[in-house]
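Remarks on the structure that follows.
The values are calculated or read from the model by the stated rules, or taken from the named source; none is laboratory data. Keep in mind the model is a prediction, meaning the values are calculated, not measured. Here the Cβ is made from the backbone with ideal geometry for all residues, glycine too, and neighbour counts use every protein chain on show.
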Amino acid sequence: MKVKIDITATPEEARAFFGLPDVSALNKAMTEEIGKRMSEGLANASPEALLSQWMSLGGKMSEQFMGMMSSAMKEPGAK
């Protein structure tokens, strides 16, 4: 025996029927906050800001490499 029941309901009606909480206000607040943070993040992703970050890292990396090489040359037994 097969029994088939089709129920047509909106998401709000189904949520109320099953006793689930209405989280639409929380969803809206979270979506707005995420959008705000993404907009702030895009301001930091300008080509000028990225280039200045990369250049500062590049300078520090070359200084560290040169320091490592000079310390390796000063070690006893190094040729």
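Here's the yes/no breakdown for (1) touching a Ser or Thr at 6+ places or on another chain (Cβ under 9 Å); (2) at pLDDT below 80; (3) aliphatic (A, V, I, L, M):
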{"position": "ARG15", "(1), (2), (3)": "no, no, no"}
{"position": "ALA25", "(1), (2), (3)": "no, no, yes"}
{"position": "ALA29", "(1), (2), (3)": "no, no, yes"}
{"position": "SER52", "(1), (2), (3)": "no, yes, no"}
{"position": "SER62", "(1), (2), (3)": "no, yes, no"}
Number of positions in the range 1-48 that are part of a loop (DSSP other than H, G, I, E, B), surrounded by 10 or more Cβ atoms within 10 Å (Cβ to Cβ) and not aliphatic (A, V, I, L, M)
2
